[in-house]
1. Please name all residue pairs, on different chains or six or more residues apart, with Cβ atoms under 7 Å, provided the first residue is in the stretch A:136-153 and is modelled with pLDDT of 95 or more and the second residue is in a helix (DSSP H, G or I) and of a type in the set (Phe, Trp, Tyr).
2. Would you check if there is a residue in the stretch B:159-167 being touching a strand residue (DSSP E or B) at 6+ places or on another chain (Cβ under 8 Å), touching a residue at least 24 places away in the same chain (Cβ under 8 Å) and under 14 Å from A:Asn181 (Cβ atoms)?
3. Any residue in the stretch B:35-46 that's more than 13 Å from B:Val4 (Cβ to Cβ): show its pairings with residues that are modelled with pLDDT under 85 and surrounded by 12 or more Cβ atoms within 10 Å (Cβ to Cβ) at Cβ separation under 8 Å, as long as the two are six or more apart or on different chains.
4. Would you say A:Lys180 is more than 7 Å from every other protein chain (Cβ to nearest Cβ), among the basic types (Lys, Arg) and either out of contact with any helix residue (DSSP H, G or I) (no Cβ under 7 Å at 6 or more places or on another chain) or more than 18 Å from B:Pro211 (Cα to Cα) (or both)?
5. Does A:Leu238 meet the test of being in contact with a Phe, Trp or Tyr (Cβ under 7 Å, 6 or more places away or on another chain) and either facing another protein chain (nearest Cβ under 7 Å) or of a type in the set (Ser, Thr, Tyr) (or both)?
6. Checking the conditions here, which among B:Ala122, B:Ala196, B:Ala159 is closer than 29 Å to A:Tyr235 by Cα, in contact with a Lys or Arg (Cβ under 6 Å, 6 or more places away or on another chain) and at pLDDT 95 or above?
7. Looking at (1) surrounded by 21 or more Cβ atoms within 10 Å (Cβ to Cβ); (2) more than 7 Å from chain A (Cβ to nearest Cβ), which one does B:Gly174 not meet, given that it meets all the others?
Protein chains: 2
Amino acid sequence: MVNVSVLGYGNIGFHLVDAFEKSNVINLIQVYNRHPIKNKSFKAELVNNLNNLTKADVYIIAIPDDAIKSFSSQLKLDGLVVHTSGSVNINALIGKFAKGVFYPLQSFSKDKVVDFKKIPIAIEAQNLSDLNLLNKLACCLTPLVYKIDSKQRQNLHVAAVFVNNFTNYMYRIGENICLKNNIDFNILKPLILETAKKIETLPPTDAQTGPAKRNDKQTITKHLKLLPSEFEEIYTLLTKFIQQHDKEL
Amino acid sequence: MVNVSVLGYGNIGFHLVDAFEKSNVINLIQVYNRHPIKNKSFKAELVNNLNNLTKADVYIIAIPDDAIKSFSSQLKLDGLVVHTSGSVNINALIGKFAKGVFYPLQSFSKDKVVDFKKIPIAIEAQNLSDLNLLNKLACCLTPLVYKIDSKQRQNLHVAAVFVNNFTNYMYRIGENICLKNNIDFNILKPLILETAKKIETLPPTDAQTGPAKRNDKQTITKHLKLLPSEFEEIYTLLTKFIQQHDKEL
């Protein structure tokens, strides 16, 4: 049994608490939140005052990135204190406790059910026994556990911006072009899913297709004429990059 | 029964022939290819000479875009002749036959099994009876049939470049960042799949998250410092666009 308390009840805190309460091998001791949590019942104890935190093996801070430093400095705890952020260094945790990171690599929203078994968790600690403890905890939730240091995790967070946020923006441009031309955006959804699934078996470099890859100048020119002018700059830049990238490989 | 012949045996031709040969409601009459097709047996007749084409309801031209015009001008056929291209106008078909388009919106490769039931087909014809015939043919393969005119289809093709080719390039950048930092790229695959699945229930505009969306300047600055310099231009441009786009909506 691992004894855990979760500090913060935002998107990540919400889903972690839910997963821990359902687990047979994790004992959720307390959930801290600044404000009372309404219309929810927990097996764990709810606390609003940091002085009321009791002993646990791991305390998981699940609050906004820029609040981690000052929040952690108020904690008078023994045990291992971890944050859940992709972009914050382990050293942002200020205190005499042992430090670590427990970063689930997924975008969370409260209204969407989460299956932790499919979510990778990146863990980091300052010594091997703490790392093993975090590994044990993460393995209760998912088989996808990765040991990643702070520098790697910050780079991973940048990579995630490309494959998640910027990819979603590509979908928005697709949707926008459809809207402007009275085309049902649903027609693109199977292609979007296929594009994501393809790289499960094929590295993205090998999966690259399209007019830029083929250096099909005629189609590129035609596309630039058709395209709403606001998206020309993106089309041109990404076409240039695909062509340069290919030369370098 | 719809009687069909397929002209061309590249990636699309290969998969169409395969699907038609398995169908109980489509009668594949002939497969034309310039060169003999080796190590393959068909129920349909194989021909290498356009003069040997016999009567069919629909002739499907599945050859490279820039060859469609001159190839079609050699055809002495009755019946409906269609091409399968996303970016070529219906009027690129030259001849006295009836004209149409039968565009399956997916990227094909011969070594990957295709499930047509999940592939949208965009159809276009010059009159209602031909359109109904194409609709009947497409509905034998997939429930996802869309009536799309040439202008819409060309715009759809541009949109597909964004959601497929450019999205795959975002994955390549993610892969590149992982490689450079000794991170296993597999850690990003669940997020990639989740990002694609999310828009099945949420419009991409509502699904947008990330530092650009939150206008989180601190994280953006940190990312730009970390990022390999070659990708700075893309990060900056897409961040700017996400922020502008949000203001306009």
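1. The qualifying pairs are A:Leu141/A:Phe116; A:Thr142/A:Phe116.
2. Residues of the stretch B:159-167 touching a strand residue (DSSP E or B) at 6+ places or on another chain (Cβ under 8 Å): none.
No, because not a single residue in the stretch B:159-167 is touching a strand residue (DSSP E or B) at 6+ places or on another chain (Cβ under 8 Å), touching a residue at least 24 places away in the same chain (Cβ under 8 Å) and under 14 Å from A:Asn181 (Cβ atoms).
3. So the pair list comes out empty.
4. On the way: more than 7 Å from every other protein chain (Cβ to nearest Cβ): yes; among the basic types (Lys, Arg): yes; either out of contact with any helix residue (DSSP H, G or I) (no Cβ under 7 Å at 6 or more places or on another chain) or more than 18 Å from B:Pro211 (Cα to Cα) (or both): yes.
Here the answer is yes, as A:Lys180 does meet what is asked.
5. Values: in contact with a Phe, Trp or Tyr (Cβ under 7 Å, 6 or more places away or on another chain): yes; either facing another protein chain (nearest Cβ under 7 Å) or of a type in the set (Ser, Thr, Tyr) (or both): yes.
For A:Leu238, the condition - in contact with a Phe, Trp or Tyr (Cβ under 7 Å, 6 or more places away or on another chain) and either facing another protein chain (nearest Cβ under 7 Å) or of a type in the set (Ser, Thr, Tyr) (or both) - is met.
6. Details: B:Ala196 fails: in contact with a Lys or Arg (Cβ under 6 Å, 6 or more places away or on another chain); B:Ala159 fails: in contact with a Lys or Arg (Cβ under 6 Å, 6 or more places away or on another chain).
Answer to the selection: B:Ala122.
7. (2)
Rundown of residues vs (1) surrounded by 21 or more Cβ atoms within 10 Å (Cβ to Cβ); (2) within 11 Å of chain A (Cβ to nearest Cβ); (3) touching a Cys at 6+ places or on another chain (Cβ under 8 Å), yes/no style:
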site	(1), (2), (3)
B:Pro120	yes, yes, no
B:Glu124	yes, no, no
B:Leu128	no, no, no
B:Asn132	no, no, no
B:Lys136	no, no, no
B:Cys140	no, no, no
B:Val145	no, yes, yes
B:Ile148	yes, yes, no
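The values are calculated or read from the model by the stated rules, or taken from the named source; none is laboratory data. A quick note: this is a predicted structure, and the numbers were derived from the prediction, not measured. So basically every Cβ, Gly included, is an ideal-geometry build from the backbone, and we count neighbours across all protein chains shown.
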